[in-house]
């Protein structure tokens, strides 16, 4: 399977929409060390690694299938940010992490953590809406528009889902998985309660 096929399948799992930077990062691959400027300090501190892992676990918690921590989504997010994203996206992600740290996310109760993330999701939707309006104004005025970084929660959610569903745990336990596929069946009926197929 090539990258475009894999991206298309992950996009379907994620509701059909990925941000442009995530598609570019996934299709172009990683940068060589020193190729891109960085807006973040790598490697992350243990506290920051823990923060990212906790947020990812709230997005995909452990149930009868493994959660984001089991799939090692935290280290995946760090690697993707370091190797595949531009400084503007790293900067946006950094600001989001600082907001979480300022709000004492790790010390908050599970209900408070969920509320903080819900508020950040609403904030990211507003940022995306405003960015779309700004882009339209620039285009109408004949000016070049420079995209801002992807809002923190949008990028966090995309990378969590991408990391989880492309991990061994996510692909084999959360999805329907055939280790050695047989013949190709183009149209298979889903049974009630059946899992989506792994890539």
Given (1) modelled with pLDDT of 80 or more; (2) in a helix (DSSP H, G or I), identify the lone condition not met by residue 134.
(1)
Give the stretch 103-118 a look and list any residue that's outside any helix (DSSP H, G or I) and in contact with a helix residue (DSSP H, G or I) (Cβ under 8 Å, 6 or more places away or on another chain), or say none.
103, 108
Kindly indicate whether residue 100 is under 16 Å from residue 47 (Cα atoms) and not in a loop (DSSP other than H, G, I, E, B).
yes
Does residue 15 satisfy the criteria of being in a loop (DSSP other than H, G, I, E, B), modelled with pLDDT under 70, surrounded by fewer than 19 Cβ atoms within 10 Å (Cβ to Cβ) and out of contact with any helix residue (DSSP H, G or I) (no Cβ under 8 Å at 6 or more places or on another chain)?
yes
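Residues in the stretch 62-86 that are without any contact (Cβ under 8 Å) to a residue 60 or more places away in the chain and more than 15 Å from the chain's Cα centre (by Cα): how many?
Total satisfying the criteria: 3.
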Could you give every pair whose Cβ atoms fall below 8 Å, whose first residue belongs to the stretch 101-116 and is within 16 Å of residue 153 (Cβ to Cβ), and whose second residue is outside any helix (DSSP H, G or I), counting only separations of at least 6 or pairs across chains?
116/103; 116/108
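The values are calculated or read from the model by the stated rules, or taken from the named source; none is laboratory data. Remember, it's a predicted structure, so these values are computed and weren't measured experimentally. Reconstructed Cβ throughout: ideal geometry from the backbone, glycine too, with neighbour counts over all protein chains shown.
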